[in-house]
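The values are calculated or read from the model by the stated rules, or taken from the named source; none is laboratory data. The structure presented is a predicted model; accordingly, all values stated were derived computationally and were not measured. So basically every Cβ, Gly included, is an ideal-geometry build from the backbone, and we count neighbours across all protein chains shown. The protein model used for the area step is the full one, side chains on, heavy atoms only, and it has no ligands, DNA or RNA in it. Shrake-Rupley method; radii C 1.70, N 1.55, O 1.52, S 1.80 Å.
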Amino acid sequence: MRTDHCSGTLPAREHLPAAWAGTPVLDVVVPVHNEEKDLRPCVRRLHEHLTRTFPYAFRITIADNASTDGTPLIAAELARRIEEVRSVRLERKGRGRALRTVWSASDAPVLAYMDVDLSTDLNALLPLVAPLISGHSDVAIGSRLSRSARVVRGAKREFISRSYNLILRGSLQARFSDAQCGFKAVRRDVAQVLLPLVEDSGWFFDTELLVLAERAGLRIHEVPVDWVDDPDSTVHIVRTATEDLKGVWRVGRALATGALPLDRLTRPFGDDPRDRTLADVPRGLARQLVGFCAVGALSTVFYLLLYSAFRSVTGSQLANGLALLVSAVANTAANRRLTFRVRGRGGMVRHQAQGLVVLAIGLALTSGSLAALGTASSDPAHSTELAVLVAANLAATVLRFLLFRAWVFPDRGQARAAGDTVARQTGGTPAPAATGHGAMAHAPGPAAPGPSGDSSAPQTATWHGAASGAPASPPGQAASWAASAAGSAPRAPRTPQPDTPVTPPLAPARPPLPSRPAPQADRDPRTTR
């Protein structure tokens, strides 16, 4: 699991301007592998739908995953004939690898992808990306398992899909309903921070991205979709399910050990009402009390069991010290993670050392109580010892909570929020520069990892398309472009260009779109209503 450093704090979510200058607002990626039959009708139907219904500039990117049939030729032809289409050629398979490569290089503020079979009704595309454009949400997914979704598919795939999502809910505590639907979108600033943390390059890629986004506290918007199963799907169910289960185990282990730096994404993103401070109201006190009481109750039971076990082989004082030492270490670790929400291994040794100081205070209270009981009675009953220890632990618990809250795990949220406020006042994330339609206004994103998931490995990609869709080569990639200036005259077919970097010429400003007719329902020729 990756532990790369995030590229800074995520900026506040804002509504994209109504006239986004210079670059498309939406970049729809269609990953393909040997799809020469479905690619052309898919892209033409998607382009027609977006032209008719989408109110912003858009781009369609065909991501070819090492196809061996006529798919690359069809993709290049579509990129030559349609201004808003470009094609990317990758020499290794993997849907996650394709999405990572294209999303890392894209200059569009909203990134999406969909399967080439167009099983999902395209009328859900605008509701999918609208919350990302408005700044309401960070990630959006289509859901076939929502109550209002309308799905046509066989019992086998229905069972597999629901079982997989139940596994995610039980093992990773995922709250989103459908992880596998090939219909998702994400804001580019979110993708730039999350992509370096995602290790998978295959079918588990989007599931891993969703889990990390949810654990980071980002907002995931779900759209019920109309979905018709593709009977000619080439997905290998058994192999895909096996790889997905391996991914679930890997991500769950990384989350349990705190190996992911997700705490740096949770609080600073956007205007979180929980960041607003109220005078004379301690932040998070009620939640911390509930968590501390729950951990304390379990720790007390654990302590009493340990004391009873040690008491059978040694004296009361030594048994009390050993039981208190073991339970205090477990108590500090549990409170660190559950009560005070401290993740990662930073400061763990210091927190345990401070917890041992708190232990010494509790040891003094409990040992003093046992000493006083021994003075009052030469041979007290075991039940009496336990009662005295419970009373002493209650007093020690109150003192322990106060010390944990004020000394061991102090709340630095106010200082962090103040720092964020100062940062926003002194300088924020610059908006993309308006350089004319087709020019690049691209902030460098994270390097796309290589085939093994290592970000240092170069990923070779060949890009074809009009100048309006030509971003600069992302770090760590050898990308080559075959670009032509966009104009009003018809463009003649071009000969293939060598894989050498070509600076795309600036295209003239795109004229305003003519008024469009009212949206009509998108018809799927495969089905009849």
### Message
I need a count of the residues in region 79-119 that are open to solvent by less than 10 Å² (accessible area, probe 1.4 Å) and of a type outside the set (A, V, I, L, M, F, W, C).
### Response
10
### Query
So which of Phe292, Phe310, Phe302 is touching a Phe, Trp or Tyr at 6+ places or on another chain (Cβ under 9 Å) and part of a helix (DSSP H, G or I)?
Phe292
### Query
Are any of the residues in region 326-344 open to solvent by less than 30 Å² (accessible area, probe 1.4 Å), part of a loop (DSSP other than H, G, I, E, B) and under 21 Å from Arg405 (Cβ atoms)?
yes
## Note on the structure
Contact list, first residue from region 82-95 and assigned to a loop (DSSP other than H, G, I, E, B), second anywhere and surrounded by fewer than 24 Cβ atoms within 10 Å (Cβ to Cβ) and β-branched (Val, Ile, Thr), beta-carbon distance below 9 Å, six or more apart or interchain, is Glu84/Thr51; Glu91/Thr460; Glu91/Thr462; Arg92/Thr460
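Tell me the residue from Val186, Val211, Val193 that is more than 16 Å from Gly96 (Cβ to Cβ) and among the β-branched types (Val, Ile, Thr), please. So that I can check it myself, show each step before the final result.
Numbers: Val186 fails: more than 16 Å from Gly96 (Cβ to Cβ); Val211 fails: more than 16 Å from Gly96 (Cβ to Cβ).
After applying the criteria, what remains is Val193.
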#### Entry: Residue ID - nearest to Arg89 (Cα to Cα), chosen from residues in region 120-131 that are touching an Asp or Glu at 6+ places or on another chain (Cβ under 6 Å) and open to solvent by 10 Å² or more (accessible area, probe 1.4 Å)
Asp121
### Task
Tell me which residues, restricted to region 162-220, are charged (D, E, K, R), open to solvent by 10 Å² or more (accessible area, probe 1.4 Å) and assigned to a loop (DSSP other than H, G, I, E, B).
Arg175, Glu199, Asp200, Arg219
### Lone qualifier among Leu50, Leu39 - being touching a helix residue (DSSP H, G or I) at 6+ places or on another chain (Cβ under 7 Å) and crowded, with 20+ Cβ neighbours inside 10 Å
Leu39
### Query
Applying the selection to region 155-205, what residues are acidic (Asp, Glu) and touching a strand residue (DSSP E or B) at 6+ places or on another chain (Cβ under 6 Å)?
Asp178
### Message
So Glu77 ticks every box in (1) over 22 Å from Val129 (Cβ atoms); (2) assigned to a loop (DSSP other than H, G, I, E, B) but one. Which box is left unticked?
### Response
(2)
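Quick test for you: out of Val388, Val408, pick the one residue that is open to solvent by less than 60 Å² (accessible area, probe 1.4 Å) and in contact (Cβ under 8 Å) with a residue 24 or more places away in the chain. Working first, answer last.
On the way: Val388 fails: in contact (Cβ under 8 Å) with a residue 24 or more places away in the chain.
Val408 is the lone residue from the list that is open to solvent by less than 60 Å² (accessible area, probe 1.4 Å) and in contact (Cβ under 8 Å) with a residue 24 or more places away in the chain.
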### Residue ID - least open to solvent (accessible area, probe 1.4 Å), chosen from residues in region 64-78 that are closer than 23 Å to Leu50 by Cβ and β-branched (Val, Ile, Thr)
Thr71
### Task
Look through region 289-317, keep the residues that are buried (at least 18 other Cβ atoms within 10 Å of the Cβ) and of a type in the set (S, T, N, Q), and return whichever of them is nearest to Leu403 (Cα to Cα).
Ser299
### Odd one out for Ile60, checked against (1) under 15 Å from Asp27 (Cβ atoms); (2) open to solvent by 10 Å² or more (accessible area, probe 1.4 Å); (3) among the β-branched types (Val, Ile, Thr)
(2)
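Look at Gly182 and say whether it is touching a helix residue (DSSP H, G or I) at 6+ places or on another chain (Cβ under 6 Å), touching a residue at least 24 places away in the same chain (Cβ under 8 Å) and not aliphatic (A, V, I, L, M). So that I can check it myself, show each step before the final result.
On the way: touching a helix residue (DSSP H, G or I) at 6+ places or on another chain (Cβ under 6 Å): no; touching a residue at least 24 places away in the same chain (Cβ under 8 Å): yes; not aliphatic (A, V, I, L, M): yes.
Against the criterion (touching a helix residue (DSSP H, G or I) at 6+ places or on another chain (Cβ under 6 Å), touching a residue at least 24 places away in the same chain (Cβ under 8 Å) and not aliphatic (A, V, I, L, M)), Gly182 does not qualify.
Give the residue that is nearest to Ser87 (Cα to Cα), with candidates limited to residues of region 1-42 that are basic (Lys, Arg) and at pLDDT 65 or above. Reasoning before the result, please.
Residues of region 1-42 basic (Lys, Arg): 2, 13, 37, 40.
With at pLDDT 65 or above added as a condition, the list becomes 13, 37, 40.
On the way: Arg13: 30, Lys37: 17, Arg40: 12 Å.
The qualifying residue nearest to Ser87 (Cα to Cα) is Arg40.
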### Message
Could you tell me how many of the residues in region 142-157 are surrounded by fewer than 16 Cβ atoms within 10 Å (Cβ to Cβ) and β-branched (Val, Ile, Thr)?
### Response
1
### Task
Give the residue, chosen from Ala63, Ala76, Ala112, Ala124, that is of a type outside the set (Ser, Thr, Tyr), at pLDDT 90 or above and in contact with a Pro (Cβ under 7 Å, 6 or more places away or on another chain).
Ala63
### Task
Quickly run through region 114-150 and pick out the residues that are touching a Gly at 6+ places or on another chain (Cβ under 7 Å) and not small (Gly, Ala, Ser).
Met114, Asp115, Thr120, Leu128
